[in-house]
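Beneath this line is the structure, given in structure tokens, with notes to follow.
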Amino acid sequence: MTEYLFPPSPQAALRVRGQKALYPVTRIFCVGRNYAAHAAEMGNEVDREAPFYFTKMPAALTPSGGTIPYPPGTADFHHEMELVVAIGAPAYRVSRDQASNMVLGYACGLDMTRRDLQGQAKDKRRPWDIGKDFEHSAVVGQLTPAVALGDIGPQRIHLDVNGQTRQDARLADMVWSVAEIIAHLSTLYHLMPGDIIMTGTPAGVGPVQPGDRLAGGIGGLDPITVTIGPGA
Ligand code: MN
């Protein structure tokens, strides 16, 4: 039996609706600028040639329903409500038609962002990591099996903060569809079960403060809630 100097981190995992077994998470991919109105509010144009990505560490994964600390190093902590896709089969260089067969399920997610640090990184042409990839920055709800959601498009995606709607769109507003994202990402990585993809946020991102209660939903999926706690 392998011995370690200290206990290894627990396996990051998501609950799955109707199942006892958890979905173990290996990698978290995130898509940037996947809703035209959000790209515009950030002063960007959508890149029509190909989607682009950043990543979060699995250790950043946080379940729905709890409280996350207001993170250090920022004065502009933002919510980004997103559809999360969980890969359920190996996918390498798959076609768009094949891609939908690779999805095990979907969930609501929040790509929490230190916007000021992300903005500074953009200005200095540095990586986004400290703006995007930090403790508790990937809040993800329970997975719903793909068969239960059906075709993606008409579902509403929204986020309320303290009961006020901040983000409100349709999944059909995504620039790159789930199938297109999987097909493209599978040209860059050997996607495997355990890989999840946060597919980008609609317009309406904004700051949150300690004490704020976030409640998000996507039609057909289990909702997501999180409360912002005091500073870490
Ligand atoms: Mn995002």
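Quick check on ALA172: is it farther than 16 Å from LEU104 by Cα and at pLDDT 95 or above? So ALA172 fits the description; yes. Of the residues making up the range 116-125, none is within 16 Å of the ligand (Cβ to nearest atom) and under 17 Å from SER64 (Cα atoms). Of all the numbered requirements in (1) out of contact with any helix residue (DSSP H, G or I) (no Cβ under 6 Å at 6 or more places or on another chain); (2) over 26 Å from ARG213 (Cα atoms); (3) hydrophobic (A, V, I, L, M, F, W, C); (4) in contact (Cβ under 8 Å) with a residue 40 or more places away in the chain, MET1 misses one, and that requirement is (4).
Whenever a residue of the range 16-35 is touching a residue at least 40 places away in the same chain (Cβ under 8 Å), its partners that are among the polar types (S, T, N, Q) and outside any loop (DSSP other than H, G, I, E, B), lying with C-beta atoms within less than 9 angstrom and at least six residues away or across chains, give the pairs VAL16/THR144; ARG17/THR144; GLY18/THR144; ARG27/THR55; ILE28/THR55; PHE29/THR55; CYS30/THR55. Among the residues making up the range 11-39, those that are farther than 20 Å from ILE224 by Cβ and more than 15 Å from the ligand (Cβ to nearest atom) are GLN11, LYS20, ALA21, THR26, ARG27. Restricting attention to the range 62-78 and to residues that are more than 23 Å from THR26 (Cα to Cα) and within 16 Å of the ligand (Cβ to nearest atom), the residue that is surrounded by the most Cβ atoms within 10 Å (Cβ to Cβ) turns out to be PHE77. Can we say ASP111 is under 19 Å from ARG213 (Cβ atoms), under 17 Å from the mean Cα position of the chain (by Cα) and away from the ligand (no atom under 16 Å from the Cβ)? Considered against the rule, which asks whether it is under 19 Å from ARG213 (Cβ atoms), under 17 Å from the mean Cα position of the chain (by Cα) and away from the ligand (no atom under 16 Å from the Cβ), ASP111 comes out as no.
For the range 49-79, a tally of residues being in contact with a His (Cβ under 8 Å, 6 or more places away or on another chain) and modelled with pLDDT of 95 or more returns 5.
A Cβ distance below 8 Å, combined with a sequence gap of six or more or placement on separate chains, defines the contacts here; from the range 106-131, residues that are within 30 Å of GLY219 (Cα to Cα) and among the aromatic types (Phe, Trp, Tyr) reach residues that are modelled with pLDDT of 95 or more and within 14 Å of the ligand (Cβ to nearest atom) in the pairs TYR106/LEU83; TYR106/VAL84; TYR106/VAL85.
The values are calculated or read from the model by the stated rules, or taken from the named source; none is laboratory data. These numbers were taken from a predicted model, which means no experiment stands behind them. Cβ: placed from backbone, ideal geometry, glycine included. Neighbour counts: every protein chain shown.
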